[in-house]
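Readers should treat all values here as calculations from the given coordinates under stated rules, not as data from a laboratory. Predicted, not measured: the structure shown is a model, and the values here were computed from it. Heads up, the Cβs are rebuilt from the backbone with ideal geometry, glycines too, and the neighbour counts pull from every protein chain shown.
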Amino acid sequence: ENLTDKTWEIYRKGATSITLIFSAETIVEEKYDHIYIYDAANNEIGKYTGNELASRSVTALGDTIKIRLCTDRVGTAYGFKLTDISAEYISGDLNGDSEVDIRDLIRLKKILLGNAQSESASSDVDSSGETTANDLTFLRKLIIGILAKEVY
């Protein structure tokens, strides 16, 4: 629509980055309409017009990415469509607090017992394809390694 200024926010708890992939049809009126991408701190990652975002991906660091569409008074185009949204997480951060610690180990135990679900990253910490007791061992070693680095 004409005279649009709308922002969409995509949030993934505990993510270290979020990547958006735009469809091949993505297009706004060249020079007059723009799609802006911002990170969680409202830093502009990019300003796009025409079909500059068609079939492209954009990544923002942090757990939030924002898309802002601004159009003028005349002329319209397709706009944009996302074909994929993906997020990267810290391995072992099962509660989404951006830290790997004993709280994640407790959450993993609850997940294995069927009493909880992961709030962010996969509970398959060892990347074996399934969540098992081996993930507990892997997470314990990961936490011990992190603590050892903090001591030195």
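So how compact is the range 1-73: Cα radius of gyration and Dmax in angstrom?
So, for the range 1-73, Rg and Dmax equal 12.3, 39 Å respectively.
For the range 51-58, just list the computed ³J(HN,Hα) in residue order, Karplus coefficients 6.51, -1.76 and 1.60, θ = phi - 60°, integers in Hz, with x standing in for Gly and Pro.
Per residue, the Karplus-derived 3J(HN,Hα) values read 9, 4, 9, 4, 6, 9, 10, 9 Hz.
Assigning unit charges at the beta carbon (Lys, Arg +1; Asp, Glu -1) and nothing else, what dipole magnitude in debye, to the nearest 20, does the chain show about its Cα centre? Could the numbers behind the result be given before it?
Values: 17 positive and 25 negative charges, 56 e Å.
About 260 debye.
With charges only on Cβ, +1 for K and R and -1 for D and E, what is the dipole size of the range 1-91 about its Cα centre, in debye, rounded to 20?
Here the range 1-91 has a charge dipole of around 140 debye.
Quick check on my link table: of Lys110/Lys141; Lys13/Lys141; Lys31/Lys66; Lys13/Lys81; Lys81/Lys141; Lys31/Lys81, which ones sit more than 30 Å apart, alpha carbon to alpha carbon?
Numbers: Lys110/Lys141 18 Å; Lys13/Lys141 24 Å; Lys31/Lys66 21 Å; Lys13/Lys81 23 Å; Lys81/Lys141 42 Å; Lys31/Lys81 19 Å.
Violating the 30 Å limit, Cα to Cα: Lys81/Lys141.
If R0 is 30 Å, what FRET efficiency do you get for Tyr78 and Ser122 from their C-beta distance, rounded to 0.05? Provide the component values of the computation, followed by the final result.
Numbers: r = 35 Å, r/R0 = 1.15.
With a Förster radius of 30 Å, E is 0.30.
May I ask you to compute the full-extension gain from Ser57 to Lys13, defined as 0.36 nm times their residue separation minus their alpha-carbon distance, rounded to one decimal in nm? Please list the in-between numbers first.
Details: separation 44, 0.36 × 44 = 15.84 nm, distance 2.04 nm.
Full-extension gain reported as 13.8 nm.
Apply the Karplus parameterisation 6.51 cos²θ - 1.76 cosθ + 1.60, with θ equal to phi minus 60°, to every residue of the range 30-46 and state each ³J(HN,Hα) to the nearest whole Hz, in sequence, with x for glycine and proline.
Taking θ as phi minus 60°, the curve returns 3, 6, 10, 10, 9, 10, 10, 10, 10, 8, 4, 8, 6, 6, 6, 8, x Hz for the range 30-46.
From the phi of every residue in the range 64-80, what ³J(HN,Hα) in whole Hz does the Karplus formula 6.51 cos²θ - 1.76 cosθ + 1.60 yield, where θ is phi - 60° and glycine or proline is x?
In residue order, the calculated couplings are 9, 9, 10, 10, 10, 10, 10, 10, 8, 7, 10, x, 9, 8, 4, x, 9 Hz.
Give the Cα extents of the chain along the principal axes, in whole Å, largest first.
If we take the Cα atoms of the chain, the spans are 60, 34, 22 Å.
Sorted by mean Cβ packing within 10 Å, highest first, what order do the peptides 92-105, 7-20 take?
On the way: 92-105: 18.9, 7-20: 16.6.
Listed from highest to lowest mean packing, they are 92-105, 7-20.
List the chymotrypsin sites (Phe, Trp or Tyr not before Pro) within the range 25-88 that DSSP assigns to loop and that have no more than 14 neighbouring Cβ atoms inside 10 Å.
Here the sparse-neighbourhood loop sites are Tyr78.
Going by alpha carbons, how many degrees (0 to 90, nearest 10) lie between the helix axis of 102-113 and the longest principal axis of the chain?
90 degrees
Charges on Cβ only, +1 for Lys and Arg, -1 for Asp and Glu, centred on the Cα centroid of the range 14-63; of Leu61, Ala24, Gly50, which one is farthest towards the dipole's positive end?
Leu61
Treating the angle as unsigned and between 0 and 90°, give the value, to the nearest 10°, between the Cα long axis of helix 133-151 and the longest Cα principal axis of the chain.
Relative to the chain, helix 133-151 is tipped by roughly 80 degrees.
Name the long-range amide H neighbours of Gly62: under 5 Å, sequence gap of 5 or more, or other chain; modelled H, no Pro or chain starts.
Amide H neighbours of Gly62, under 5 Å, 5+ apart: Ser17, Ile18.
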